[in-house]
Amino acid sequence: MAANHSPVYLKETNNSLIWTRSCEKETTEPVEGKVKGELPQWLSGRLTRNGPGKTGFGDTQFNHLFDMSALIHQFNISDGRVTYQSRFIQSDTYKKNLRANRIIVTEFGTGAYPDPCKTLFQRFMTFFTPLTKREMTDNCLVSVCHFGDELYAMTETNVMRRIDPETLETVGEKTTLDDYLVAVNTATAHPHIDPDGTVYNMASSFASKEGPQYCIAKFPPPAMVNGKKKSSLEQASVVTKIPCQNKMFPSYYHSFGITDNYFIFVEQPFLLNLKKFLVSMLLGKSFLSAMEWHGKHKTKFHVVRRDTGEIITTKYASDAFLTFHHTNAYEEDGHLVVDLCAIKSGEVISQFLLKNLSKADYTVSPQDLSVHRRYVLPLRTEGARIDTNLVTLKGTKCTARKLKDGTIFLEGQDISANVIDLPRINYKYNGKPYSFAYGVEVNPLGVQFSRLVKINVRTGETQVWHEEGKLVSEPVFVAAPDATREEEGVVLTILLDRDNPAFVALLVLDPTSWKEVARVEFKAQGKVTQTFHGQFAATGDSVHLF
């Protein structure tokens with residue numbers, strides 16, 4: 001496995017400001033694309049992707065990439081033909097901003113402007129609305145997930161929006177998780193899905209009686225109860241509650257890990273200052289204004305048994321790092337192996353301010369970008385000697401040493417020297433030993449997705465795919481029917497053109513050779529924007545995995 005080195009990345013010479021594109025015209029009716037190459041005959045279904053689509057309303061502009069209005073993109077594949085369509089989520093937030101022609105709902109990095117539809121007295125009374133009753137943004141721009149046969153757009157608040165998978169129209173009213181789970185204020189947009197369709201997700205409660213805590217929630221598959229169908233949400237329950245280490249500073253997190261027998265939650269020192277947060281809420285400031293990086297603190301790993309919800313008492317910690325995305329985790333010979341994309345500090349969040357991304361020459365330090373890192377957590381630590389490496393797995397340089405206070409201190413290993421994020425795997429190997437991860441290279445110039453990266457996580461061997469003038473998106477692995485090998489299938493991604501904003505293509509790669517199999521090119525009705533995450537739903541499948 002590769003040793004730690006400085007990141008390797010592609011040196012680009014042109015930044016066409018992809019992140020600050022704003023879609024002014026959706027492609028609501030499906031348009032058929034031109035196929036180049038040959039699509040696998042078995043490939044049938046829809047790839048639905050989510051991301052930022054609109055930079056502002058009227059003369060007001062969003063401050064942060066995570067604030068832009070959510071735009072859904074979809075590719076439908078059937079009988080060797082592919083169509084493309086896009087549509088804005090008709091969230092309450094979107095409609096309020098559109099009606100007022102200004103930003104009047106607070107987002108992650110943008111404070112709301114006064115709502116012209118509210119009187120001065122109404123604005124004043126808003127200050128006294130309890131935290132648990134305050135209306136959170138339903139601008140769900142991060143990802144999508146199927147709960148049974150229902151498709152939802154998700155973000156990091158406690159709100160989801162249901163999407164019609166055929167038309168991409170927004171269905172019904174917003175879904176608020178604390179209608180099903182008590183006092184949930186935030187949740188991730190990166191749930192995990194079991195083969196039977198059970199969905200697990202992480203959530204936070206800031207105002208519980210026990211103080212701020214993290215929750216692991218379970219959403220069973222839809223079921224018939226007394227002759228009536230109960231949805232996944234209607235059966236929601238809390239598996240366990242993890243106390244926040246510092247009651248006034250709950251941790252920010254974006255994803256979590258899962259194995260056959262355990263959940264892994266990484267509590268990192270990118271913290272929400274609750275005092276600042278309450279003041280920000282009163283003054284209409286953004287959530288970002290209350291976020292703080294405490295780099296002198298440790299990053300902590302919490303391990304929970306899936307069958308009982310029991311929190312393992314062993315304390316695991318490492319030097320401070322930030323992660324947005326877990327890649328995979330699995331159990332091997334009495335250890336938990338946890339792979340994720342690690343960043344050295346929370347200062348990275350400022351990279352996504354639109355005032356930075358709107359500069360053609362905006363460049364960040366390669367050292368501030370993410371690397372694919374492995375941590376190994378020994379499960380049997382009783383009676384261990386102080387300062388002895390407890391990791392006995394072969395083929396890893398990861399260490400775990402017991403400190404005097406009983407904490408198991410972890411040192412990770414960077415698997416590849418390449419900058420990589422938005423990692424995906426063959427999800428049938430989720431929570432199990434695996435060999436391959438796929439992601440995007442985040443280029444320092446413009447924080448752009450320049451190349452597709454494939455990593456052999458066992459050897460560190462890395463392959464890249466790149467085409468001049470094009471940008472890529474998160475790769476999604478689609479397994480072939482009845483596949484018996486991990487690489488048996490295809491990888492799907494979206495191509496954007498730096499200079500032609502109406503261009504979009506679906507790219508199909510062979511996971512083994514990491515070469516192009518086919519592509520389907522489209523001309524959209526308006527500008528095509530970059531996406532964050534997505535999900536493929538194969539035709540005929542009743543359970544849709546990631």
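Yes/no matrix, rows are residues, columns are (1) farther than 19 Å from L47 by Cα; (2) touching a residue at least 40 places away in the same chain (Cβ under 8 Å); (3) out of contact with any Leu (no Cβ under 7 Å at 6 or more places or on another chain):
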{"site": "E486", "(1), (2), (3)": "yes, yes, yes"}
{"site": "D497", "(1), (2), (3)": "yes, no, yes"}
{"site": "N500", "(1), (2), (3)": "yes, no, yes"}
{"site": "V517", "(1), (2), (3)": "no, yes, no"}
{"site": "F536", "(1), (2), (3)": "no, yes, no"}
{"site": "D541", "(1), (2), (3)": "no, yes, yes"}
{"site": "F546", "(1), (2), (3)": "no, yes, yes"}
State all residues of region 364-384 that are polar (S, T, N, Q), more than 16 Å from Q413 (Cα to Cα) and surrounded by 14 or more Cβ atoms within 10 Å (Cβ to Cβ); if no residue qualifies, say none. T381
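For E107, state whether it is buried (at least 21 other Cβ atoms within 10 Å of the Cβ), out of contact with any Lys or Arg (no Cβ under 6 Å at 6 or more places or on another chain), at negative phi and not aromatic (F, W, Y). Step through it out loud before you land on a result.
On the way: buried (at least 21 other Cβ atoms within 10 Å of the Cβ): yes; out of contact with any Lys or Arg (no Cβ under 6 Å at 6 or more places or on another chain): yes; at negative phi: yes; not aromatic (F, W, Y): yes.
Answer is yes for this residue.
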Out of (1) at pLDDT below 95; (2) within 26 Å of the chain's Cα centre (by Cα), the odd one out for H372 is which? (1)
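Would you confirm, using the coordinates I've provided, whether G534 is under 24 Å from the mean Cα position of the chain (by Cα), at pLDDT below 95 and closer than 22 Å to C23 by Cα?
no
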Which numbered condition T388 fails, given (1) surrounded by fewer than 20 Cβ atoms within 10 Å (Cβ to Cβ); (2) in contact with a Phe, Trp or Tyr (Cβ under 6 Å, 6 or more places away or on another chain): (2)
Under 9 Å by Cβ, and 6 or more places apart or on different chains, what pairs join a residue from region 73-92 that is over 13 Å from T539 (Cβ atoms) with one that is surrounded by fewer than 21 Cβ atoms within 10 Å (Cβ to Cβ) and modelled with pLDDT under 95? D92/E135
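Every residue in region 168-205 that is among the polar types (S, T, N, Q) and either outside any strand (DSSP E or B) or surrounded by 18 or more Cβ atoms within 10 Å (Cβ to Cβ) (or both), please. Before you say what the answer is, go through the steps one by one.
Looking only at region 168-205, we keep the residues that are among the polar types (S, T, N, Q), and these are 170, 175-176, 185-186, 188, 198, 201, 204-205.
Correct list: T170, T175, N185, T186, T188, T198, N201, S204, S205.
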With (1) more than 19 Å from N50 (Cβ to Cβ); (2) surrounded by 23 or more Cβ atoms within 10 Å (Cβ to Cβ); (3) among the aromatic types (F, W, Y) as the list, and F147 as the residue in question, which single condition is left unmet? (1)
Being outside any helix (DSSP H, G or I) and either at pLDDT below 90 or more than 29 Å from L151 (Cβ to Cβ) (or both), is that true of even one residue in region 120-127? yes
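Considering only residues of region 70-118 that are among the hydroxyl-bearing types (S, T, Y) and assigned to a loop (DSSP other than H, G, I, E, B), which is modelled with the lowest pLDDT?
Of region 70-118, the ones among the hydroxyl-bearing types (S, T, Y) are 78, 83-84, 86, 91, 93-94, 106, 110, 113.
Imposing the further condition that a residue be assigned to a loop (DSSP other than H, G, I, E, B) reduces the set to 91, 106, 110, 113.
Numbers: S91: 97, T106: 90, T110: 93, Y113: 59.
Checking each candidate, the answer is Y113.
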When D482 is run through (1) on the phi > 0 side of the Ramachandran plot; (2) in contact with a Ser or Thr (Cβ under 6 Å, 6 or more places away or on another chain); (3) of a type in the set (D, E, K, R), the failure sits at (2)
Options D414, D421; residue that is of a type in the set (D, E), farther than 21 Å from L336 by Cβ and either at pLDDT 95 or above or surrounded by fewer than 19 Cβ atoms within 10 Å (Cβ to Cβ) (or both): D421
If L288 satisfies all but one of (1) buried (at least 19 other Cβ atoms within 10 Å of the Cβ); (2) in a strand (DSSP E or B), what's the number of the condition it fails? (2)
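Looking at G56, is it small (G, A, S), farther than 24 Å from M281 by Cβ, at pLDDT 95 or above and surrounded by fewer than 22 Cβ atoms within 10 Å (Cβ to Cβ)? Break it down into steps so the answer makes sense when it comes.
On the way: small (G, A, S): yes; farther than 24 Å from M281 by Cβ: no; at pLDDT 95 or above: yes; surrounded by fewer than 22 Cβ atoms within 10 Å (Cβ to Cβ): yes.
No; evaluated as a whole, the condition is false for this residue.
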For region 504-529, enumerate the residues that are within 12 Å of T27 (Cα to Cα) and over 25 Å from the mean Cα position of the chain (by Cα). F522, K523, A524, Q525, G526
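Checking the condition among the hydrophobic types (A, V, I, L, M, F, W, C), over 27 Å from the mean Cα position of the chain (by Cα) and at pLDDT 95 or above, which residue from L336, L390 passes? Before you say what the answer is, go through the steps one by one.
Values: L336 fails: over 27 Å from the mean Cα position of the chain (by Cα).
After applying the criteria, what remains is L390.
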Is there any pair with a first residue in region 401-413 that is closer than 18 Å to G383 by Cα and a second that is assigned to a loop (DSSP other than H, G, I, E, B) and at pLDDT below 95 whose Cβ atoms are under 6 Å apart and which are 6 or more apart or on different chains, and what are they? R401/D387; K402/A384; I408/T381
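The values are calculated or read from the model by the stated rules, or taken from the named source; none is laboratory data. In this text the structure is predicted, and so the values were computed from the model without any measurement. Because the Cβ atoms are built from the backbone with ideal geometry, glycine has one as well, and the counts that use them run over all protein chains shown.
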